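Participant: Once you've had a glance at the structure underneath, I'll fire off some questions.
Just so it is clear, none of the values below were taken in a lab; they were calculated from the coordinates. Quantities reported herein were computed from a predicted structural model and do not represent experimental measurements. For neighbour counting, all protein chains shown are included, and Cβ atoms are generated from backbone atoms with ideal geometry for every residue, glycine included.
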Amino acid sequence: DVTLVTRTGASNFVVMSEADFNSWRETLYLLGSPKNAAHLLDSLRELDAGRGEARELTQPADMDA
């Protein structure tokens, strides 16, 4: 849930959960680089076109092998 607080004579502000706030920050970070944003958009288009591929998640320790 997000709540908009409006004030007369002062800036409005938004109250949201920490989880929502962290999600917004992560999204802004990921889309902050034009190259990364383009890569993510291309990946979403591939998924929407049915060219997605299911994979098992790996743990960071598995990536060293």
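Participant: For the chain, take the longest principal axis of its alpha carbons; what is the angle in degrees between that and the long axis of helix 18-31, to the nearest 10 within 0 to 90?
Facilitator: It works out to around 60 degrees.
Participant: Which value in Å does the Kirkwood hydrodynamic radius of the chain take, with 1/r averaged over all unlike C-alpha pairs and then inverted?
Facilitator: Here the Kirkwood hydrodynamic radius works out to 15.7 Å.
Participant: Rounded to the nearest 0.05, what FRET efficiency is calculated for Arg55 and Phe21 with R0 set to 35 Å and r the Cβ-Cβ distance?
Facilitator: Numbers: r = 30 Å, r/R0 = 0.85.
The value I calculate is 0.75.
Participant: Taking 35 Å as R0, compute the FRET efficiency from the Cβ-Cβ separation of Ala38 and Val14 and round it to 0.05.
Facilitator: 0.75
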